[in-house]
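Remarks on the structure that follows.
The values are calculated or read from the model by the stated rules, or taken from the named source; none is laboratory data. Since this is a predicted model, take the numbers as computed values, not measurements. Don't worry about glycine lacking a Cβ; one is built from the backbone with ideal geometry, like all the others, and counts go over all protein chains shown. Protein only, heavy atoms only, side chains kept; ligands, DNA and RNA dropped before computing areas. Shrake-Rupley method; radii C 1.70, N 1.55, O 1.52, S 1.80 Å.
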Amino acid sequence: MSRSILCGWWKQAAAALLLLGAAGMSAGSGASNGTETYDVVIANGRVMDPESGLDAVRNVGIRSGKIAVISNGPLEGKQTIDARGLVVAPGFIDLHQHGQDAENYAVKAADGVTTALELEVGVADVDGWYGEREGKARINYGASVGHIPVRMAVMHDPGGLLPNGDAAHRVATTAEREEISALMEKGLNRGALSVGLGPAYTEAATNQEILDVFRVAAKYHASCHVHIRGSGPPLEGNFSGFEEVMAAAAITGAPLHIVHIQSTGGPNVTEELQMIAEARSRGMDVTTESYPYTMGMTSIQAALFDHKEEEPATYFAALLWPATGEHLTKESFLRYRKQGGMVILPGNTPENVHAAVVSPLTMIASDGYLAKGQGHPRTAGTYALVLGHYVREERALDLMTALKKMTLMPAQRLEKRAPVFKDKGRIRVGADADITVFDANRIIDKATYEKPLQYSEGIQFVLVNGVPVVKDGRLVDGVFPGRAARAPVSQ
């Protein structure tokens, strides 16, 4: 071949490569030569990735449950989702979801959640809990090993989700404390994502017992997800429960995550957020979360309702019984305390809730739980409420910041202990194809305190490990692509 012919051939080849690059790929996006066929293609959507800052119209190719390519140019797929005019975001990660069954997974998916985790209360039998859900879950699932259920097991407490016997009201013996610590360690060895703690519900647990649990967590580099202890009515300037866990984290070095600060912070929300910022600036690994509702929900048999019999009538009237929709009286309060069940109660002022939700320190987490359609609207509506009200209507948050609170920040909270989360909360090549596609101009929550089982609107497609579980705004029946989100297992 002559030199002139060879030179011409190289020029043509180079030009062809440049055209291919311009049409089919973007920097760092993975290759596409226009002839590959992907399992699913999400076409022409506004792709938003909080990790890289990408906010542009792109096409996303998915293969074998992973994001295989992010392209400027068209892609071929066995299935194509037209996302024109829609936001393509990482699937939302809920760090605080108590309901872990088909009913709850459906409402989470309809609210854009692709991974729902029981990290505050947690579980005692980690292997058994994960085994019960394998192959049966619409979305990804995971759990902590929980001090509450472990203490209940050791003390043979008769309660359900929360204790109402010795585990709530009796100081543990030395032998019981040692057994609790051993079971917590066993759970971490079996792949629990973190440690769950609720001194508010185990009020007889001493500061020493709580410190024991933090020491176990520190040994395994596991974050402690804590419902901080109350100390009577919330008083401005009184944050002893907050200080208890901050001190335990500082002493042991265990990572700390304070749950729903908008409710447990009471009148001290902004002060506690400031203290978290100050602690982080000095190297402490402490994070927090909030949900966008002024009312909370918990078990009426929980220890925080002990000794409330002589409260004024206004106290009982502020409590809502979801099963019937009635506001309580002293008589009905005492009756339901014996019966057991969930009750909705005042959480905080709208101003304090707003401050918590918009703070750059907080992740969004729902504290969700539904049973046969009864419960709190936060289960079905948390994420759409933030995106619809706080982002679109109020403009208190920009869209990328809100998405970061729902995706990247939760993933980063867990990824050091559970590397599976390094591939969640992102839209990038190689990440899990957990993706939520929504209409930013239309998304809104529909669940109310009276009708909590109302699916959010404006969430058009939700993919879990590359499989659509919401399509054209409707749940897809008979698909169970959810996988265990678990830390490495050891003996």
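Quick notes
Rundown of residues vs (1) within 15 Å of the chain's Cα centre (by Cα); (2) of a type in the set (Ser, Thr, Tyr), yes/no style:
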site	(1), (2)
Leu370	no, no
Gly375	no, no
Ala384	yes, no
His389	no, no
Glu393	no, no
Asp398	no, no
Thr401	no, yes
Lys405	yes, no
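- Looking only at the range 441-455, residues that are farther than 30 Å from His327 by Cβ and buried (at least 21 other Cβ atoms within 10 Å of the Cβ) come to 1 in all.
- Among the residues of the range 307-354, those that are closer than 27 Å to Glu236 by Cα and touching a residue at least 40 places away in the same chain (Cβ under 8 Å) comprise Leu320, Val343, Ile344, Leu345, Pro346, Gly347, Asn348, Thr349, Pro350, Asn352, Val353, His354.
- Among the residues of the range 132-160, those that are touching a strand residue (DSSP E or B) at 6+ places or on another chain (Cβ under 9 Å), open to solvent by 10 Å² or more (accessible area, probe 1.4 Å) and among the small types (Gly, Ala, Ser) comprise Gly159, Gly160.
- Scanning the range 481-491 for residues that are surrounded by 21 or more Cβ atoms within 10 Å (Cβ to Cβ) and over 22 Å from Ala68 (Cα atoms) yields a count of 1.
- The set of residues in the range 163-183 being more than 25 Å from the chain's Cα centre (by Cα) and not in a helix (DSSP H, G or I) consists of Asn164, Gly165, Arg170, Val171, Ala172, Thr173.
- Within the range 168-184, the set of residues being within 16 Å of Asp125 (Cβ to Cβ), out of contact with any strand residue (DSSP E or B) (no Cβ under 8 Å at 6 or more places or on another chain) and either crowded, with 16+ Cβ neighbours inside 10 Å or modelled with pLDDT under 95 (or both) comprises Glu179, Ile180.
- Qualifying positions in the range 216-234 - in contact (Cβ under 8 Å) with a residue 40 or more places away in the chain and either assigned to a loop (DSSP other than H, G, I, E, B) or surrounded by fewer than 24 Cβ atoms within 10 Å (Cβ to Cβ) (or both): Tyr220, His221, Ala222, Ser223, His227, Gly230
- For the range 194-215, the set of residues classified as more than 11 Å from Ala303 (Cα to Cα), assigned to a loop (DSSP other than H, G, I, E, B) and among the hydrophobic types (A, V, I, L, M, F, W, C) consists of Ala205 only.
- Residues located in the range 410-440, provided they are within 19 Å of His221 (Cα to Cα), of a type in the set (D, E, K, R) and touching a residue at least 60 places away in the same chain (Cβ under 8 Å): Arg413, Lys416, Arg417
- Residue selected from the range 324-370 under the condition over 25 Å from His96 (Cβ atoms) and of a type in the set (Asp, Glu), by the criterion most open to solvent (accessible area, probe 1.4 Å): Glu331
- The condition of being part of a strand (DSSP E or B) and either of a type outside the set (Asp, Glu) or within 20 Å of Ala247 (Cα to Cα) (or both) does not hold for Gly160.
- If you go through the range 280-307 and pick out every residue that is under 26 Å from Asp157 (Cα atoms) and open to solvent by 40 Å² or more (accessible area, probe 1.4 Å), you end up with 3.
- Scan of the range 72-126 for residues that are open to solvent by 10 Å² or more (accessible area, probe 1.4 Å), in contact (Cβ under 8 Å) with a residue 40 or more places away in the chain and more than 28 Å from Gly375 (Cβ to Cβ), ordered by number: Asn72, Pro74, Leu75, Glu76, Gly77, Lys78, Gln79, Thr80, Arg84, Gly85, Leu86
- Exactly one residue among Gly478, Gly473, Gly458 is open to solvent by less than 10 Å² (accessible area, probe 1.4 Å) and on the phi > 0 side of the Ramachandran plot, and that residue is Gly458.
- Test set (1) within 16 Å of His96 (Cβ to Cβ); (2) more than 18 Å from the chain's Cα centre (by Cα) - Trp321 fails condition number: (1)
- Screening Gly237 against (1) under 26 Å from Met297 (Cβ atoms); (2) open to solvent by 10 Å² or more (accessible area, probe 1.4 Å); (3) modelled with pLDDT under 95 leaves a single unmet condition, (1).
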